[in-house]
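Here is the structure we will look at, set down as structure tokens.
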Amino acid sequence: MAKRISMDWTLFSVIAAMVAAGMVMIYSTSSITAQSLYNKQPYYFLASQFAWAIIGFTALLIMRRFPFRRLQRPAWAFGAIGVVLFLLPVAYFVDPRHRWIPLGIGNVQPSEFAKPALVIFLAYFLTWRANAINDAKFTLRPAALLLSLLFLFVAMSDLGTAVVLGVVAVVTFFVAGLDRKYLFLAGGMATLCISVAIVAAPYRLRRVVEMVDPTYELLDKYDFTGKIKPRILSSATVSDTGYQARQAKIAIGSGGPLGLGLMHGRQKHFFLPESHTDFIYAIIGEELGLWGAGAVLFGYFVIIWRGLRIFLLTPDEFGRYLALGLTVAIGFQALINITVVLGLGPTKGIPLPMISYGGSSLLSTLFSLGILLNISENAG
């Protein structure tokens, strides 16, 4: 029997601190919005997030005690990803705009749960097929079919999350020993699919074009048909898709080293939309300055460090793949969000793990971190 060691208090403490910091910033960024736009109490969004935090920490503690090796069963691997594949199209038809499933007490976003479901499936599948990882017929084709279906369903509603899933899959297969030619093939196909998804949705294409060519000079020069610009401009729901990115950079820049002070940010006063969700990092930079933004980055670095440490020290192959996949999923999602807020990438609706408002994201992240804590304690 594996020897159980004590809880990874470094990892758990950082998780608790990040969630607590998220609560504080959600109240700071959403209190005005709750009163003015929704006619609610200032703590409306905070109360909702707090309820999800209780559910999330309950899931974390359950998964911390649940032996992770029990997940190495077909029922868990295929069952989890099957449930997500069922819920994704349901959410698309129930709420075509947000892709949420209303449950009365809150909304569930199935794409958030695709991340732990994918990691569990990959860990099981790659452990099972470890000796035949490069077998095209019995390993790669079945995996490619299932993963392509998952990525397609997720990309229909959330391209950013689909990119996170793709990176998790590529990194995990690479560590498992997949031949480079298959990695390059998968990377090329993923790039093609992402490009098609961007071109197929004019609002996505506009975000990309305006990031690299905000004045449309290059587009006017090389769009010989003259059809691209009218298409992307007529499709947008707002006249300026770069507005959020500019307002976020203004918030970050105005914070300076020490910030304007908690609750004293200006951009959340309806200048920066979604300031309590996808762009909360900008308000952190504005109100808490460089030290606050740096502290959040440090928290993610600690989580990535502990996750990779667990990956390296775990002798169990299934546990190693679980630890790697969960760490990459959380770390890369944080990287995408912060990149967007800093204006280094096109705008995508992807939350900052444990910080942004959003119950599904918080629950999915804490569930994943509970598994990571479990591996840390039981893999010896």
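The values are calculated or read from the model by the stated rules, or taken from the named source; none is laboratory data. All of these numbers come straight from a predicted model, not from anything done at the bench. When we count neighbours, we look across all protein chains shown, and the Cβ atoms used for this are built from the backbone with ideal geometry, even at glycine.
What to note about this one:
- If you go through the range 52-65 and pick out every residue that is within 13 Å of residue 20 (Cα to Cα) and surrounded by fewer than 15 Cβ atoms within 10 Å (Cβ to Cβ), you end up with 1.
Matching residues to (1) surrounded by 23 or more Cβ atoms within 10 Å (Cβ to Cβ); (2) of a type in the set (Ser, Thr, Tyr):
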site: 304; (1), (2): no, no
site: 325; (1), (2): yes, no
site: 328; (1), (2): yes, no
site: 335; (1), (2): no, no
site: 344; (1), (2): no, no
site: 348; (1), (2): no, no
site: 356; (1), (2): yes, yes
site: 360; (1), (2): no, yes
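- Listed by first and then second residue, the pairs with beta-carbon distance under 6 Å, at least 6 apart or on different chains, first residue in the range 149-174 and closer than 24 Å to residue 136 by Cβ and in contact (Cβ under 8 Å) with a residue 12 or more places away in the chain, second surrounded by fewer than 22 Cβ atoms within 10 Å (Cβ to Cβ) and among the aromatic types (Phe, Trp, Tyr), are 167/332.
- Residue that is nearest to residue 149 (Cα to Cα), among those in the range 184-204 that are touching a helix residue (DSSP H, G or I) at 6+ places or on another chain (Cβ under 6 Å) and touching a residue at least 40 places away in the same chain (Cβ under 8 Å): 197
- Checked against (1) surrounded by 20 or more Cβ atoms within 10 Å (Cβ to Cβ); (2) assigned by TED's automatic domain parsing to the domain that holds residue 371, residue 71 meets all criteria but (2).
- Screening 46, 87, 37 for residues that are touching a strand residue (DSSP E or B) at 6+ places or on another chain (Cβ under 7 Å), free of Cβ contacts under 8 Å to residues at least 60 places away in the same chain and either assigned by TED's automatic domain parsing to the domain that holds residue 316 or aliphatic (A, V, I, L, M) (or both) leaves exactly one candidate, 87.
- Residue in the range 320-336 that is more than 30 Å from residue 73 (Cβ to Cβ), under 14 Å from the mean Cα position of the chain (by Cα) and touching a residue at least 40 places away in the same chain (Cβ under 8 Å) present: yes
Conditions tested, residue by residue: (1) of a type outside the set (S, T, N, Q); (2) closer than 30 Å to residue 9 by Cβ.
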| position | (1), (2) |
| --- | --- |
| 64 | yes, yes |
| 67 | yes, yes |
| 76 | yes, yes |
| 94 | yes, no |
| 118 | yes, yes |
| 127 | no, yes |
| 138 | yes, no |
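- Residue ID - farthest from residue 330 (Cα to Cα), chosen from residues in the range 5-53 that are of a type in the set (A, V, I, L, M) and part of a loop (DSSP other than H, G, I, E, B): 37
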